[in-house]
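One structure is given below, encoded as structure tokens.
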Protein chains: 2
Amino acid sequence: MEITFENMEDFARGAAFLGTGGGGDPYYGRLLAQNAIREFGAPKVITADDLDDDTAVFTAAMLGSPPVLMEKGCSGDDIDLAISKLEQRLGRKAEAILPIEIGGMNSTLPIMAAARLGLPIIDADGMGRAFPEIQMVTFSVYGCSATPLVVTDEHLNSVVVEADTPARAEGIVRSIAIQMGLSVMLSAYPLTGRQVKDYGVHGTLSLALGIGTAIREGRTTGNPVEALIQYLQTTPYYNHAKVLFDGKVTDLRRETTKGFAIGHCLMSAMDGSGRQMEIMFQNEHLIARENGVIKAIVPDLICMVDRETAEPIPVEHLRYGQRLKIIGTSAAPIMRTPEALEVFGPRKFGLDEDFIPIENL
Amino acid sequence: MEITFENMEDFARGAAFLGTGGGGDPYYGRLLAQNAIREFGAPKVITADDLDDDTAVFTAAMLGSPPVLMEKGCSGDDIDLAISKLEQRLGRKAEAILPIEIGGMNSTLPIMAAARLGLPIIDADGMGRAFPEIQMVTFSVYGCSATPLVVTDEHLNSVVVEADTPARAEGIVRSIAIQMGLSVMLSAYPLTGRQVKDYGVHGTLSLALGIGTAIREGRTTGNPVEALIQYLQTTPYYNHAKVLFDGKVTDLRRETTKGFAIGHCLMSAMDGSGRQMEIMFQNEHLIARENGVIKAIVPDLICMVDRETAEPIPVEHLRYGQRLKIIGTSAAPIMRTPEALEVFGPRKFGLDEDFIPIENL
């Protein structure tokens, strides 16, 4: 895979799909990456297998509310500062940038960071989707420390956190992020090349680009949702893909609380059958129930797309009366192990249900 | 002045008086210092004038709720960690310890820190009393940076903060402290010897010891409150000292909110005259009004003592029906300048009144 100015629109669209409702507007994410590419040149994409075992891999991400980030803007100085403070703390220079999550804006921000720093970006991430909390990543499941990590804001305030567990780091960083205005830059989980090879979800930059491309090309043939489903079925992780529901939004409740966008969305079927689907979310969609019956549940992916254009719809763009198709897909196998479900299975979001793979529903 | 195991009881009592309601129970503060002295030996006390201009001066303090600290206990490892993380960040070893505030437990914790680290402690502080927020210190008034600072907790999690203003540092640290359970250790305001000489409130360890000694000795003559007032009138800062009120507590409201103990206390005069005094506090007492007329206002000191024994009463020990004398004293001159009032004058606590020196009331 190659990153270019031109393919960032497809890439951001695919990443927004993998954001499963979280991660913000792909338009803004794309602009950030494109501006950085124009100014600094496109970063080279490397695979996890290209890494030496001791390569110093740094992550770059925003944490908080994407709409707030869009209001604040993003100069990049805050990302640079997060990386340089972590380099200072570790006494080691970053040698490659990894997106910690491929979903939403946190796929394009690392491209921006890599471009600014002249570093390669790795075609992998830590979840193959998006998740709301710091500990919800494969690296945490398999014992990598989330800290030392650095949080920065647009005023170039910085905080270096060292915590005994990733969940504790999450608590500390969330309170800092709320204090800093609910949108901060973060470089967490300093990793080695070996750890990325062993615990990363590989190839997800390529998959985001493939998804975005499939949607765009599907629009020329008139059925982008079908084109998207067909593409997903060819992928190594998202192959159990189906349209869960075709309906319009009839009820929407959400609030920004404790640093998250939490709420639910009710939809009625377009076919007039009276069937209803309820989707609950904490930044990302967590569970889809049709008339009370589970159709998909976290960590499998639940994505909302416009029923005509297949454009992914982030939670903040949900509106009463919108006509959407709900697509469910399987998560990467490394995200569905018993150890992984201990960190980001349904119970960790306060749900009473256990995980059931989408292919069994 | 010399610190000894024996004089820590007087010292902690005097420091509790200077805590003006905040800073916690002197009994616990004394135990912390005495345990450290027994284990590591008493630290040497030096004056600000003993410092070289470039001596690396570190502070040590707790931030949050003293009753929580008492419940958690305090091993000292968290203080050591705060100092060593700041040394690591600055690339410089601490050469002397300064109490950032002399009021309450934050006078004995630095003694504990100095004893553990084998460093001298400076007979000075940054306010000559206690204050609730990080920016409320002379060093901030006169342009010294509060950061880099380090926050640690009892699990030995640590956070290094760099902020553009002391008030911003306060916001970030307060949110971290709430997240960490409302009692954390803090090393902020890394200073030079020159800065301590220029902006410190000098001699306040000696004054705390003098106050505690005057109260104890006054008890043997039968009028400790009078003995205390007489002693205060001989001091360089607290010389405008008087009993503002003699009464019993008839109403008490307080809540722990936003990381502070906030409330007010109503008292009725013991002389049956029906006069009433109201005292408002945010950790420390802010204003004393008798039938609506101001009798003393922050940054001057408003202290509550038992009317018989002159034992200082911290806010958390206030009880309905208690019989107390309210003592008001002047603050150090460096605390009453226009620049200082911009940082910790009445308006900074949300009061509608301007500062009036107690000697003019």
Check: What number goes with the only condition from (1) in a loop (DSSP other than H, G, I, E, B); (2) within 30 Å of A:ILE176 (Cβ to Cβ) that A:ASN239 does not pass?
Finding: (2)
Next item on the list: For segment B:77-123, name all the residues that are of a type in the set (Gly, Ala, Ser), within 22 Å of B:PRO148 (Cβ to Cβ) and surrounded by fewer than 19 Cβ atoms within 10 Å (Cβ to Cβ).
Entry: B:SER84, B:GLY91
Next item on the list: Give segment B:60-80 a look and list any residue that's of a type in the set (Val, Ile, Thr) and under 17 Å from the mean Cα position of the chain (by Cα), or say none.
Entry: B:VAL68
Item checked: Identity of the residue in segment A:1-46, buried (at least 16 other Cβ atoms within 10 Å of the Cβ) and hydroxyl-bearing (Ser, Thr, Tyr), that ends up modelled with the highest pLDDT -> A:THR20
Next item on the list: Look through segment B:181-191, keep the residues that are within 13 Å of chain A (Cβ to nearest Cβ) and surrounded by fewer than 24 Cβ atoms within 10 Å (Cβ to Cβ), and return whichever of them is nearest to the chain's Cα centre (by Cα).
Entry: B:LEU182
Notebook entry, point to check: Can you pull out the residues in segment A:313-351 that are free of Cβ contacts under 8 Å to residues at least 24 places away in the same chain and farther than 17 Å from A:ILE262 by Cα?
Noted result: A:PRO338
Check: Residues of segment B:146-179 being facing chain A (nearest Cβ under 7 Å), surrounded by 24 or more Cβ atoms within 10 Å (Cβ to Cβ) and within 21 Å of B:GLU101 (Cβ to Cβ), which ones?
Finding: B:VAL159, B:VAL161, B:ALA163, B:ILE172, B:ILE176
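Per-residue answers, yes or no, for (1) surrounded by 17 or more Cβ atoms within 10 Å (Cβ to Cβ); (2) touching a strand residue (DSSP E or B) at 6+ places or on another chain (Cβ under 6 Å); (3) at pLDDT 95 or above:
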site	(1), (2), (3)
B:ALA208	yes, no, yes
B:ILE215	yes, no, yes
B:ALA227	yes, no, yes
B:THR234	no, no, yes
B:ASP271	no, no, yes
B:ARG275	no, yes, yes
B:ASN283	yes, yes, no
Notebook entry, point to check: Is it true that some residue in segment B:296-313 is surrounded by fewer than 17 Cβ atoms within 10 Å (Cβ to Cβ), within 28 Å of B:PRO166 (Cβ to Cβ) and of a type outside the set (Ser, Thr, Tyr)?
Noted result: no
Notebook entry, point to check: Any chance segment A:45-63 includes a residue that's within 23 Å of A:VAL150 (Cβ to Cβ), assigned to a loop (DSSP other than H, G, I, E, B) and out of contact with any helix residue (DSSP H, G or I) (no Cβ under 6 Å at 6 or more places or on another chain)?
Noted result: yes
Checklist line | Where a residue in segment A:83-99 is farther than 28 Å from A:HIS202 by Cβ and more than 14 Å from chain B (Cβ to nearest Cβ) and its partner, wherever it lies, is surrounded by 18 or more Cβ atoms within 10 Å (Cβ to Cβ) and at pLDDT 95 or above, with Cβ under 9 Å and at least six apart | finding: none
Margin query: Scan segment A:8-28 and tell me whether some residue there is more than 19 Å from the chain's Cα centre (by Cα), part of a helix (DSSP H, G or I), assigned by TED's automatic domain parsing to the domain that holds A:ILE122 and not acidic (Asp, Glu).
Written below: no
Notebook entry, point to check: How about segment A:314-348: which of its residues are modelled with pLDDT of 95 or more, buried (at least 22 other Cβ atoms within 10 Å of the Cβ) and within 26 Å of A:VAL68 (Cβ to Cβ)?
Noted result: A:LEU324, A:PHE344
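The values are calculated or read from the model by the stated rules, or taken from the named source; none is laboratory data. Note that the structure is predicted; figures quoted are calculated from it, not measured. Cβ sites come from the backbone with ideal geometry, for glycine too, and all protein chains shown count toward neighbours.
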